[in-house]
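Chemist: Quick one: the structure is below, questions incoming.
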Amino acid sequence: MLVFDADDTLWENNILFERVIEDFLDWLAHPTLDRVEIRAILDDIERANTVAHGYGSRVFLRSLGDCLSRLRERPATTAEQREIEELAVALVEGQIELIPGVADTLTELGRRHDLWLLTKGAVQEQQRKLDASGLADHFTSVHIVAEKDAQVYRQLVVEHELVPEATWMIGNSPKSDILPARRAGLNAVFIPHQHTWVLEYDELDPADERVLHLTAFAELRDHF
């Protein structure tokens, strides 16, 4: 059983948010704080908002508005909120760009294994991305959840009578894909992405023999 993460594992995701942030910082042009200082403030706001409101582009836009309000010490005006939304049009309506080798690799793996998708975020947004990706037919089961913690993985195991030792979680996020899957007794495959969201960082145990480290998605064909 191979269970795949979606964002930044199957298709590009965080780089789109990073481009919007760069445009936001250009537009903001704060008179005293530099880009690093503003980004630290935005990261703190995003961390709080994901706990309170979940994930997705709408929560991200909320975080940009909250950041603007904090820096200017007043609520964002209607015009400013509209400007922020215009900055993120490409993010909300953009096309899906697959990670190199994903489609062919899933086709080959699907001949030998049962493939599932487990992704977190807003249901409609994640479903839209999956539909646009053209990858939906590769998966026998799709799960869109609010958060990916150890309890979610344990629930998946129990509800679907999975064998943890024969199940592999494949993703780019130590925080959401690798560590909680291991806590639930599953194996994991870590495929790092250079643009992984900073809030998804965490330390992995290099001595954990049940975590396979790869450098590219296509390498899965050599192991499964």
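The values are calculated or read from the model by the stated rules, or taken from the named source; none is laboratory data. Not measured: the values here are computed from a predicted model. Neighbour counts run over all protein chains shown; Cβ positions are idealised from the backbone, glycine included. Surface accessibility is based on the protein's heavy atoms, side chains included, excluding ligands, DNA and RNA. Shrake-Rupley method; radii C 1.70, N 1.55, O 1.52, S 1.80 Å.
Chemist: Measuring with a 1.4 Å probe in the full set of protein chains, what accessible area per residue, in whole Å², belongs to the chain?
Modeler: Ligands and nucleic acids excluded, the figure is 50 Å² per residue.
Chemist: Could I ask something else about it? If R₀ is 30 angstrom, what is the calculated FRET efficiency for the pair Glu97 and Gln124, using the beta carbon separation as r and rounding to 0.05?
Modeler: Efficiency computed from Cβ-Cβ geometry: 0.90.
Chemist: Under 5 Å between amide H atoms, partner at least 5 residues away or on a different chain: which partners does Ser141 have, H built in plane at 1.01 Å?
Modeler: Leu117
Chemist: Work out the FRET efficiency for Glu85 and Asp149 from their Cβ-Cβ distance, taking R0 = 22 Å, and round it to the nearest 0.05.
Modeler: For Glu85 and Asp149, the calculated efficiency is 0.10.
Chemist: Please list, in order along region 61-74, the HN-Hα scalar couplings obtained from phi with the Karplus expression 6.51 cos²θ - 1.76 cosθ + 1.60 (θ = phi - 60°), rounded to whole Hz, x for Gly and Pro.
Modeler: Each residue's phi maps through the Karplus curve to give 4, 4, 5, 4, x, 5, 5, 4, 4, 5, 5, 9, 6, 6 Hz.
Chemist: With the full set of protein chains in place, find how many percent of the accessible area of the chain is carbon and sulfur; take the probe as 1.4 Å. Could you put the intermediate results ahead of the total?
Modeler: On the way: 5680 of 11270 Å².
Carbon and sulfur: 50 percent of the exposed surface of the chain.
Chemist: With Rg and the Kirkwood Rh both taken from Cα atoms, where does Rg over Rh land for region 70-153?
Modeler: Computed over Cα atoms, the ratio is 1.13.
Chemist: Another question, then. Between 0 and 90 degrees, rounded to the nearest ten: what's the tilt of helix 78-87 against the longest Cα principal axis of the chain?
Modeler: Helix 78-87 and the main axis of the chain meet at about 40 degrees.
Chemist: Ala29 to Ala218: extension gain in nm, 0.36 nm per residue of separation minus the Cα-Cα distance?
Modeler: Using 0.36 nm per residue and subtracting the Cα-Cα distance, I get 63.9 nm.
Chemist: At 10 °C and a viscosity of 1.306 mPa s, what translational diffusion coefficient does Stokes-Einstein give for the chain, taking Rh as the Kirkwood radius over Cα pairs? Give it in µm²/s as a whole number.
Modeler: Working: Rh = 18.6 Å.
Roughly 85 µm²/s, to the nearest whole number.
Chemist: Let me ask you something else. Quick one: helix 35-53 against the long Cα principal axis of the chain, what's the angle to the nearest 10°, folded into 0 to 90?
Modeler: The two axes meet at around 60 degrees.
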